[in-house]
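Enquirer: Let me give you the structure first, and then I'll get to my questions.
The values are calculated or read from the model by the stated rules, or taken from the named source; none is laboratory data. Worth saying up front: this structure is predicted, and the values here are computed from it rather than measured. Cβ placement follows ideal geometry from the backbone for every residue including glycine, while neighbour counts extend to all protein chains displayed. Heavy atoms of the whole protein, side chains included, go into the accessibility calculation; ligands, DNA and RNA do not. Shrake-Rupley method; radii C 1.70, N 1.55, O 1.52, S 1.80 Å.
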Amino acid sequence: MESKVRRGGPQEVVAYGHTYKSIVEFCNAYDLKYPNTSAQLRAGVEPEVVIENSGNLPSVYRPKAGPRPPVPCSYDGVDYPSITAAADALGIPAHRIPLYMKANRCSANSAIEALMQLDEKELHHEGKGKREPCIIDGVTYSSRGAACKAYGVKYVSVHSRMKRDGLSFEEALSSGGFARKHMQALKSCWGSIHLFPFTPDQNTAAALLQIGSMLKDSVLQPEYQYDSAREIAAVKISPTLHAIADARDMYILMPYPDKNSLVDIEFVIPYLCSCEMSDETTTLSTLHRINALNRKYTGVSIFVEDGHLSLSAAMTVTTNYINKRTFLRAYQRIVGTATDIYDTYTAATTY
């Protein structure tokens, strides 16, 4: 039977006395592949012939390629069960052997022989795409990609500037994009923070409430305070520096409300001990003693505020989950350090 062709519309196909409105309908009826069927029909092949030749052919099973069998190889009289085993034993990057075999159309043994003749630098040179450390403004980054991430610039943008303007990587990195972000300290000066009691919102104070709960479990009485002008909240507690007495107020400061998944918190003990500076001689003596303490104790900073020796330290936590063990360990270390500083400073001071 002949198929009828209509320009500008679907092609009708008549097969075994039945009319199909289009080639697609014909293919669906006889489970035919459209591209091959369409080409045959438009070339004038009878629909019945197309069916006879293609409609009843069994589908061809194409098994997926399995893992390649290991390629035994040898070097210097030693046999290895595979290329990977030889590479591990000889200190050759595993991918270099098959690449050399493909590029030079040689056997694994020949590739190993040639690669072993290279010096250490040539052997481990990766060529394009190698992650090489770079130094930007005195800071070492593991790769150019890491430097771009630190600067908040896409690598493709930096590469485009290098190619377009003939710039070095360092020049292209600093010639646009986002400015480097520096985290602003919560405490520029303890005296400028004005805290008042408040009730935290459950939805915007995840870190604050977690810290308060952990301190309460440690038999402390946390109080929540807030400076609305600077958007800084604090958990106030009064840990004891010694087993019997000498309690001191501690403030754990953090931004409020929570805005990021990571939060920088600061521990401040504003009135650790008295620090009078009456004249130039005692002032210099006190400053020398403070400098000596700052060199001795890591992880904390000692400063003078309102005639008192004060102490601060910082750590970073996640708002969704704060590891209780890590937090309490940092807290106990700061309290222990404060106790030692108190003993050391007061023992050397005579009022």
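Enquirer: Count charges around residue 157 for me, please; just the other residues with Cβ under 14 Å from its Cβ, Lys/Arg as +1, Asp/Glu as -1.
Expert: Charge balance in the 14 Å sphere: +4.
Enquirer: Something else: As a test question: what accessible area, to the nearest 10 Å², does residue 21 have when a 1.4 Å probe is rolled over all protein chains in place?
Expert: About 150 Å², rounded to the nearest 10.
Enquirer: Further question on the same structure: For 216, 33, give the ranking by accessible area with the largest first, probe 1.4 Å.
Expert: Result, largest first: 33, 216.
Enquirer: In whole Å, what are the extents of segment 216-351 along the principal axes defined by its C-alpha atoms, from largest to smallest?
Expert: That works out to 50, 35, 25 Å along the principal axes.
Enquirer: Suppose R0 equals 30 Å. What FRET efficiency, 1/(1 + (r/R0)^6) with r the Cβ-Cβ distance, do residue 156 and residue 68 give to the nearest 0.05?
Expert: Values: r = 35 Å, r/R0 = 1.16.
So, using R0 = 30 Å, E works out to roughly 0.30.
Enquirer: Taking R0 as 35 Å, what FRET efficiency do you get between residue 284 and residue 246 from their Cβ-Cβ distance, rounded to the nearest 0.05?
Expert: Once the sixth-power term is evaluated, E becomes 0.80.
Enquirer: Please compute the length gained on full extension between residue 113 and residue 25, using 0.36 nm multiplied by the number of residues separating them and subtracting their Cα-Cα distance.
Expert: Gain on extension, residue 113 to residue 25, equals 25.5 nm.
Enquirer: Heads up, I need the accessible area for residue 162: 1.4 angstrom probe, whole protein in place, Å², nearest 10.
Expert: Estimated to the nearest 10 Å², residue 162 gives 40 Å².
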